[in-house]
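Colleague: This is the structure I want to talk about, given as structure tokens.
The values are calculated or read from the model by the stated rules, or taken from the named source; none is laboratory data. Just so we're clear, the structure is a prediction, and the values are computed from it rather than from any experiment. Here the Cβ positions follow ideal geometry from the backbone for every residue, glycine too, while neighbour counts run over all protein chains shown.
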Amino acid sequence: MKAAADAIIIIDDSGIIEQFNPAAERMFGFSQQEACGRNVSMLMPEPQRSQHDGYIASYLQTGEGKVIGSGREVTGLRKNGDSFPMALSVGEIRQPEGQRFVGIVRDLSEFRAAQQQVRHLEEQLLHADRLVILGELTAGIAHEINQPLTAIAAYADAGRTMIDRRVDTPREDMQSICERISEQSRRAAEVVQRLRKLVRSGTVSKTRQDIEKIINNVLLLFEYEIKNSKTDLHFKALCDLPPLYVDEVQIQQILVNLVKNSLDALSGAGVEDGAIAIQADLVDDEIVVSVSDNGPGVLTEDREKLFEAFFTTKPKGVGLGLSICKSIAAAHGGSLKFSAQEGGGSRFTLSLPLRSIG
């Protein structure tokens, strides 16, 4: 007991500490002399502290306990007032002179801190991947923003010219110009808003989202590149789709990756009549979104490695895009799979559950 790495605490049937090993002293900050003879509830924050004796009395009366004989994660309280996560397993010792309970405690502080660090690194990686994608789409984004700004300037110049003529300008004409300036301003603002969402870094924020709206916003990001490559890109919802409980930006990130990969495959193979088809359907209790193209497809020997980190078929790729996308899908309780198209080409299928995850 003295050499044990985990804290071991033995209490009587009224909750009084009888034994408190050295690991428990280090973990909670109390010496054995300070702990023994006091109620074990002193090692718990409220409301568990006030409820603990009632748990013991209930178990002794009914024989039913939530912790006895099993392990669970609870919160402990150190002598200095700090609370910390701990894994607790409790066993029962039956003796002629009365029942005793032995608790084995493991401090989970470092484990939880490591988990938090991993989540933070995952968020940074997701953010970095989005920045890489946007960097590749820079020309199209600049063009998309420049179009409404150019239109605003043209309408403003037209309005000024009408005023400079020093003749009565029909009210309808000026009203029309103002409406067009307003319309183009909103269009530019929407572009900026979409980009800010995609660029933002932060914790996952899941809300009810319209998957069709998410897909259409993705298509708008590729408007310029699609026109330049003369690729046919179209989206079709095969039925009325219910809303999903997802992080909008992360699902956009998956779809942007998939469309970008298809465009790169078509461009790299020099396909002249390139086509990318996006379909969304309701299958059982999932919404299934597929992204298909008529490109060269993926070599048979590469298919099993597609979702592995740092595997890439692109000359300048880093091999993280699909790996990240698969992780995002899994975090939403869904999946991302690849299949070869008949006659060539690739199909990626994203499945997302209707039930809330996380």
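Colleague: Going through Arg194, Arg180, Arg119 one at a time, which residue ends up being modelled with pLDDT under 75, surrounded by 14 or more Cβ atoms within 10 Å (Cβ to Cβ) and either polar (S, T, N, Q) or assigned to a helix (DSSP H, G or I) (or both)? Quick ask: steps written out before the conclusion?
Modeller: Values: Arg180 fails: modelled with pLDDT under 75; Arg119 fails: surrounded by 14 or more Cβ atoms within 10 Å (Cβ to Cβ).
Arg194 is the lone residue from the list that is modelled with pLDDT under 75, surrounded by 14 or more Cβ atoms within 10 Å (Cβ to Cβ) and either polar (S, T, N, Q) or assigned to a helix (DSSP H, G or I) (or both).
Colleague: Let me ask something else about it. Filtering the range 77-116 down to residues that are hydroxyl-bearing (Ser, Thr, Tyr) and assigned to a strand (DSSP E or B), which residue is farthest from Glu46 (Cα to Cα)?
Modeller: Taking the range 77-116 first, the residues hydroxyl-bearing (Ser, Thr, Tyr) are 83, 89, 109.
Still in the list and also assigned to a strand (DSSP E or B): 83, 89.
Working: Ser83: 10, Ser89: 20 Å.
The residue in question is Ser89.
Colleague: How do the helices (runs of 4 or more DSSP H) wholly within the range 198-278 filter down when requiring 2 or more residues that are farther than 21 Å from Phe307 by Cα, among the basic types (Lys, Arg) and touching a residue at least 12 places away in the same chain (Cβ under 8 Å): which remain?
Modeller: Those helices (runs of 4 or more DSSP H) do not exist here; none qualify.
Colleague: Something else about it: Considering only residues that are within 19 Å of Gly81 (Cα to Cα) and surrounded by 15 or more Cβ atoms within 10 Å (Cβ to Cβ), look in the range 46-61 and name the one that is modelled with the lowest pLDDT.
Modeller: Step one: filter the range 46-61 for residues within 19 Å of Gly81 (Cα to Cα), giving 46-52.
The next check asks that each one be surrounded by 15 or more Cβ atoms within 10 Å (Cβ to Cβ); those that pass are 48-49, 52.
Details: Gln48: 80, Arg49: 82, His52: 75.
The extreme case among them is His52.
Conditions tested, residue by residue: (1) outside any helix (DSSP H, G or I); (2) among the charged types (D, E, K, R); (3) modelled with pLDDT of 85 or more; (4) touching a His at 6+ places or on another chain (Cβ under 7 Å).
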position: Leu322; (1), (2), (3), (4): no, no, no, no
position: Lys326; (1), (2), (3), (4): no, yes, yes, no
position: Ala329; (1), (2), (3), (4): no, no, yes, no
position: Lys337; (1), (2), (3), (4): yes, yes, yes, no
position: Gly343; (1), (2), (3), (4): yes, no, no, no
position: Arg347; (1), (2), (3), (4): yes, yes, yes, no
position: Ser351; (1), (2), (3), (4): yes, no, yes, no
